[in-house]
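The values are calculated or read from the model by the stated rules, or taken from the named source; none is laboratory data. It should be emphasised that the depicted structure is a prediction, and the values quoted were computed from it without experimental measurement. Cβ: placed from backbone, ideal geometry, glycine included. Neighbour counts: every protein chain shown.
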Amino acid sequence: MAGKFQWKAFAAVNLDDVFFDSLKSDYPEFTDWFKKKVKNNEQALVFNDELGIGAFLYLKNESEPIELTTKILPAIPRLKIGTLRLAERFRGLRLGEGALGVSLWRWQEKQVPQIYATVFEKHHELIMLFERFGFQCIGFNNRGERVYLKDRRKINYLDPYKAFPFIIPSFRTAGVIPINDTFHDKLFPYSELKGNKVEIEEETAGNGITKIFIGTPYISMHYCPNEPVGIYRRFTGHGSKQYKSVITSFCTIINVTTVKDKNRAYISLSKFIEIAGNKTLFTADELENIYNSNPNIVVLELIYNGYFGKGHNVTYRELKDNNLFAAHPYQITYTKEDFLKILEMGDVNVQNVVIN
């Protein structure tokens, strides 16, 4: 998929792009609204490729009532997803998931109680996306749009997607997934070296927040759904790994699929390729080679909760010094206290990641 997301000033966005035709149709005042954003020097997260604009996200800080047809919600600090729209050619792909993931990260960072969006009923893909990530329809506004809201005081922890970006607080054990540096930097290109939050958001939006890790272990793996894990970037170059092998980020396991165990196939090659989908860095031919060449294959589906960032990654040396690397990563089981300690070592505000 060519193109990329970038945070841009409204003034740098082409209002005449055909992408905006549907927004102008849905909202007669859209052109005037857009020009006000230009005047106020505001920004949006915009995806551009060779065909023009493919996605557009605008976020707005609010502290005003939400007027519904049946009631009025009182004024409290909120983050509003003022505009989230995808071009037809990208619907059903990961751009929407990535853009919404960035919105929820921003909401988490601001620590305001609620995030919300409005959407017409005809936009079925957006409705499914909001509902997948735990937004609830609380009614309709006077324009006839559904109003979808998510409240950090009422998070649904039964599903990691609905809980995102927060980690399920009831977890008892956690783990760590080792990924060789070359593969890590393709699957998590924003977690290792970039310290610029804007760049990280831009790449996250384009890559999505669902990740597929394909393990070919020679030893047993203990991972289970809803369990948080650290992502360990294993340095494979010359020299000591003491400070170059690091935990860069953290995820929640959504699903664990045993593909093969001791050369016994539990699912077919076609099903394996289907599970990997477009969320892995491997091509179909490479997946076929993995399937045919390895006696043990496990697929882990992950949701990407957060990253430590440049200068904050937790090194192998730090983990060893704190008795947090006592075995092969596949065999390490952390207690809740251990995992929270790793988050703290990565300078994460734990109280804003694991909330009750």
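I want to confirm something. Restricting to the range 43-98 and keeping residues that are aliphatic (A, V, I, L, M) and in contact with a Pro (Cβ under 8 Å, 6 or more places away or on another chain), which single residue is farthest from R152 (Cα to Cα)?
Of all residues in the range 43-98, those aliphatic (A, V, I, L, M) come to 44-46, 51, 53, 55, 57, 59, 66, 68, 72-73, 75-76, 79, 81, 84, 86-87, 93, 95.
Among the residues that remain, those that are also in contact with a Pro (Cβ under 8 Å, 6 or more places away or on another chain) are: 72-73, 75-76.
Numbers: I72: 19, L73: 16, A75: 16, I76: 13 Å.
Ranking the qualifying residues of the range 43-98, first place goes to I72.
Could you list all residues from the range 1-35 that are without any contact (Cβ under 8 Å) to a residue 40 or more places away in the chain and among the hydrophobic types (A, V, I, L, M, F, W, C)?
Residues of the range 1-35 without any contact (Cβ under 8 Å) to a residue 40 or more places away in the chain: 8-12, 14-18, 20-21, 24-25, 27-35.
Result: A9, F10, A11, A12, L15, V18, F20, F30, W33, F34.
With the requirement that a residue be among the polar types (S, T, N, Q) and surrounded by fewer than 18 Cβ atoms within 10 Å (Cβ to Cβ), what does the range 291-314 give you?
Hits for the range 291-314 are N292, S293, N294.
Could you check how many residues of the range 115-153 are of a type outside the set (A, V, I, L, M, F, W, C), in contact with a Ser or Thr (Cβ under 8 Å, 6 or more places away or on another chain) and closer than 24 Å to A87 by Cα? Spell out how you get there, then give the answer.
Start the filter on the range 115-153 by keeping residues that are of a type outside the set (A, V, I, L, M, F, W, C), which leaves 116, 118, 121-125, 131-132, 134, 136, 139, 141-146, 148, 150-153.
In the following step, the residues that additionally are in contact with a Ser or Thr (Cβ under 8 Å, 6 or more places away or on another chain) were identified as 139, 141-143, 145-146, 148.
When the remaining residues are screened for being closer than 24 Å to A87 by Cα, the result is 143, 145-146, 148.
Count: 4.
Of these, E50, E62, which one is surrounded by fewer than 16 Cβ atoms within 10 Å (Cβ to Cβ) and acidic (D, E)? Spell out how you get there, then give the answer.
Details: E62 fails: surrounded by fewer than 16 Cβ atoms within 10 Å (Cβ to Cβ).
Of the residues listed, the single one that is surrounded by fewer than 16 Cβ atoms within 10 Å (Cβ to Cβ) and acidic (D, E) is E50.
Could you count how many residues in the range 127-156 are assigned to a helix (DSSP H, G or I) and in contact with a helix residue (DSSP H, G or I) (Cβ under 7 Å, 6 or more places away or on another chain)? Walk me through it before giving the result.
Residues of the range 127-156 that are assigned to a helix (DSSP H, G or I), as a first pass: 127-132.
Next, from what is left, pick out any that are in contact with a helix residue (DSSP H, G or I) (Cβ under 7 Å, 6 or more places away or on another chain): 129, 132.
Residues that pass the stated criteria total 2.
Looking at (1) free of Cβ contacts under 8 Å to residues at least 24 places away in the same chain; (2) assigned by TED's automatic domain parsing to the domain that holds F90; (3) among the acidic types (D, E), can you tell me which one E121 breaks?
(1)
Identify the single condition in (1) in a loop (DSSP other than H, G, I, E, B); (2) assigned by TED's automatic domain parsing to the domain that holds H238 that I168 does not satisfy, given that it satisfies every other one.
The single condition I168 does not satisfy is (2).
Scan the range 132-148 residue by residue and report those that are under 21 Å from the mean Cα position of the chain (by Cα) and buried (at least 19 other Cβ atoms within 10 Å of the Cβ).
So in the range 132-148, the residues under 21 Å from the mean Cα position of the chain (by Cα) come out as 132-136, 148.
Within the range 132-148, F133, G134, F135, Y148 qualify.
Which of the following residues is within 30 Å of F166 (Cα to Cα), among the charged types (D, E, K, R) and assigned by TED's automatic domain parsing to the domain that holds K310: K244, K260, K271? So that I can check it myself, show each step before the final result.
Numbers: K260 fails: within 30 Å of F166 (Cα to Cα); K271 fails: within 30 Å of F166 (Cα to Cα).
Of K244, K260, K271, the one residue that is within 30 Å of F166 (Cα to Cα), among the charged types (D, E, K, R) and assigned by TED's automatic domain parsing to the domain that holds K310 is K244.
For the range 45-96, which residues satisfy the criterion of being within 17 Å of V13 (Cβ to Cβ), at pLDDT 95 or above and among the basic types (K, R)?
K60
For the range 254-275, name all the residues that are closer than 30 Å to W105 by Cβ and in contact with a helix residue (DSSP H, G or I) (Cβ under 8 Å, 6 or more places away or on another chain).
First pass over the range 254-275, keeping only residues closer than 30 Å to W105 by Cβ: 254-257, 274-275.
Answer for the range 254-275, where residues must be closer than 30 Å to W105 by Cβ and in contact with a helix residue (DSSP H, G or I) (Cβ under 8 Å, 6 or more places away or on another chain): I254, T257.
Using the structure shown, decide if H312 is in the same structural domain as E337 (by TED's automatic domain parsing), modelled with pLDDT of 90 or more and over 15 Å from V176 (Cα atoms).
Details: in the same structural domain as E337 (by TED's automatic domain parsing): yes; modelled with pLDDT of 90 or more: yes; over 15 Å from V176 (Cα atoms): yes.
Considered against the rule, which asks whether it is in the same structural domain as E337 (by TED's automatic domain parsing), modelled with pLDDT of 90 or more and over 15 Å from V176 (Cα atoms), H312 comes out as yes.
Quick one: in the range 326-347, of everything that is in a loop (DSSP other than H, G, I, E, B) and in contact (Cβ under 8 Å) with a residue 60 or more places away in the chain, which residue is farthest from G306 (Cα to Cα)?
Initial filter on the range 326-347 (in a loop (DSSP other than H, G, I, E, B)): 326-328, 332-333, 346-347.
Still in the running and in contact (Cβ under 8 Å) with a residue 60 or more places away in the chain: 328, 332-333, 346.
Numbers: H328: 23, I332: 21, T333: 20, G346: 11 Å.
Filtering the range 326-347 for residues that are in a loop (DSSP other than H, G, I, E, B) and in contact (Cβ under 8 Å) with a residue 60 or more places away in the chain, the one farthest from G306 (Cα to Cα) comes out as H328.
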